[in-house]
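A.B. asks: Here it is, the structure, as structure tokens.
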Amino acid sequence: MLSKRLEEALNKQIQIEAESSQVYLSMASWAEVQGLEGVAGFMYGHSDEERMHMLKLVKYVNERGGHAKITTLKAPKIEFGSFQKMFEELYEHEIFVSKSINDLVHICLEEKDYATHNFLQWYVAEQIEEEALARTVLDKINLIGDDKGGLYLFDRDVQQITVESAAMDNPQ
Ligand code: OFO
């Protein structure tokens with residue numbers, strides 16, 4: 001059985017994952033409208049992953065005798081200015097998510113809930129990969145800057161940038 005404090009903290013994380021999914025969906029839509037199909041595909045995929053992160057938490061909370069609450073979400077931005085700015089936001093957002101996962105892990109230890117601590121290790125590992133991926137993409141887009149040809153090639157290749165290739169670019 002989850003403690004009330006941990007149940008609330010997990011519910012907050014459910015909301016964060018759902019909002020992340022919305023943020024990336026909005027980025028996908030903006031990129032699609034700008035004509036960058038590859039970037040849009042990358043962001044649609046990322047949005048789906050965040051929904052999966054959210055669902056995994058929903059199931060866990062309910063399984064442990066809590067109640068996963070589905071709430072209203074903060075509306076994401078709909079314009080992102082430039083691709084560079086958009087990928088900066090993606091990276092910063094992932095750092096924010098990592099911090100909230102770490103806080104959650106800390107609460108598990110304080111509540112002595114080792115089952116939830118164990119469950120959350122999947123998220124801890126996932127965040128290392130997501131940060132590495134976001135950093136790799138941001139580094140590439142920073143190199144390209146405003147170069148249209150570079151952006152065209154980036155758009156063509158971005159979906160091939162996987163968690164595995166990012167890990168090779170950013171050895172720990
Ligand atoms: Fe990209 O963050 Fe979920 O966990």
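The values are calculated or read from the model by the stated rules, or taken from the named source; none is laboratory data. The model shown is predicted, which means the values in this text are computed figures rather than measured ones. Glycine gets a Cβ as well: all are built from the backbone with ideal geometry, and neighbour counts include every protein chain shown. Ligands, DNA and RNA are excluded from the accessible area calculation, which covers all protein heavy atoms including side chains. Shrake-Rupley method; radii C 1.70, N 1.55, O 1.52, S 1.80 Å.
A.B. asks: What tally of residues in the stretch 147-170 results from selecting those that are under 15 Å from S82 (Cβ atoms) and either open to solvent by 60 Å² or more (accessible area, probe 1.4 Å) or at pLDDT below 90 (or both)?
C.D. replies: Restricting attention to the stretch 147-170, the residues satisfying the condition of being under 15 Å from S82 (Cβ atoms) are 147-148, 150-151, 154-155.
Then keep just the ones that are either open to solvent by 60 Å² or more (accessible area, probe 1.4 Å) or at pLDDT below 90 (or both); that gives 147-148.
Selection size over the stretch 147-170: 2.
A.B. asks: Enumerate the pairs (first residue in the stretch 135-153 and over 15 Å from V39 (Cβ atoms) and without any contact (Cβ under 8 Å) to a residue 40 or more places away in the chain; second residue anywhere and in a helix (DSSP H, G or I) and open to solvent by 80 Å² or more (accessible area, probe 1.4 Å)) with beta-carbon separation below 8 Å, excluding pairs fewer than 6 apart on the same chain, so at least 6 apart or on different chains.
C.D. replies: D139/D169
A.B. asks: Only residues that are within 13 Å of the ligand (Cβ to nearest atom) and either free of Cβ contacts under 8 Å to residues at least 12 places away in the same chain or aliphatic (A, V, I, L, M) (or both): list them for the stretch 1-24, please.
C.D. replies: Scanning the stretch 1-24 gives L10, I14, I16, A18, V23.
A.B. asks: Of the residues in the stretch 15-41, how many are over 12 Å from the mean Cα position of the chain (by Cα) and either under 27 Å from L104 (Cα atoms) or among the hydrophobic types (A, V, I, L, M, F, W, C) (or both)?
C.D. replies: Initial filter on the stretch 15-41 (over 12 Å from the mean Cα position of the chain (by Cα)): 15, 26-41.
With the extra rule that they be either under 27 Å from L104 (Cα atoms) or among the hydrophobic types (A, V, I, L, M, F, W, C) (or both), the set shrinks to 15, 26-28, 30-31, 33, 36, 39-40.
Qualifying residue count for the region: 10.
A.B. asks: Here's another thing I want to ask about it. Take the residues in the stretch 6-53 that are acidic (D, E) and under 21 Å from Q160 (Cα atoms); name whichever of them is least open to solvent (accessible area, probe 1.4 Å).
C.D. replies: Quick first cut of the stretch 6-53, residues acidic (D, E) only: 7-8, 17, 19, 32, 37, 48-50.
From the residues that got through so far, the ones that are under 21 Å from Q160 (Cα atoms) too are 32, 37, 48-50.
On the way: E32: 77, E37: 110, D48: 105, E49: 74, E50: 2 Å².
Residue satisfying both the conditions and the ranking: E50.
A.B. asks: Only one of these conditions is not met by D157: (1) more than 20 Å from the chain's Cα centre (by Cα); (2) within 13 Å of the ligand (Cβ to nearest atom). Which number is it?
C.D. replies: (2)
A.B. asks: List every residue pair whose Cβ atoms sit under 6 Å apart, with the two residues 6 or more apart in sequence or on different chains, where the first one lies in the stretch 91-111 and is closer than 14 Å to N11 by Cα and the second, anywhere, is within 9 Å of the ligand (Cβ to nearest atom) and not basic (K, R).
C.D. replies: Qualifying pairs under 6 Å: S100/I16; I101/Y123; I101/Q127; L104/Q13.
A.B. asks: Can you confirm whether T136 is open to solvent by less than 20 Å² (accessible area, probe 1.4 Å) and touching a Cys at 6+ places or on another chain (Cβ under 9 Å)? Steps first, please.
C.D. replies: Numbers: open to solvent by less than 20 Å² (accessible area, probe 1.4 Å): yes; touching a Cys at 6+ places or on another chain (Cβ under 9 Å): no.
Spelling it out, it is not the case that T136 is open to solvent by less than 20 Å² (accessible area, probe 1.4 Å) and touching a Cys at 6+ places or on another chain (Cβ under 9 Å).
A.B. asks: Restrict the check to the stretch 60-68 and report whether at least one residue is open to solvent by less than 30 Å² (accessible area, probe 1.4 Å) and not in a helix (DSSP H, G or I). Break it down stepwise before answering.
C.D. replies: Just the residues of the stretch 60-68 that are open to solvent by less than 30 Å² (accessible area, probe 1.4 Å), to begin with: 60-61, 66, 68.
Retained after the next criterion (residues that are not in a helix (DSSP H, G or I)): 66, 68.
Yes: one or more hits.
A.B. asks: Could you figure out which of (1) open to solvent by less than 40 Å² (accessible area, probe 1.4 Å); (2) under 27 Å from K12 (Cβ atoms); (3) more than 11 Å from the ligand (Cβ to nearest atom) isn't true of I144?
C.D. replies: (2)
A.B. asks: Tell me which residues, restricted to the stretch 111-132, are part of a helix (DSSP H, G or I), more than 12 Å from the ligand (Cβ to nearest atom) and open to solvent by less than 60 Å² (accessible area, probe 1.4 Å).
C.D. replies: Step one: filter the stretch 111-132 for residues part of a helix (DSSP H, G or I), giving 114-132.
From what is left, the residues that are more than 12 Å from the ligand (Cβ to nearest atom) are 114-119, 121.
Listed by number, the residues that qualify are A115, T116, H117, F119.
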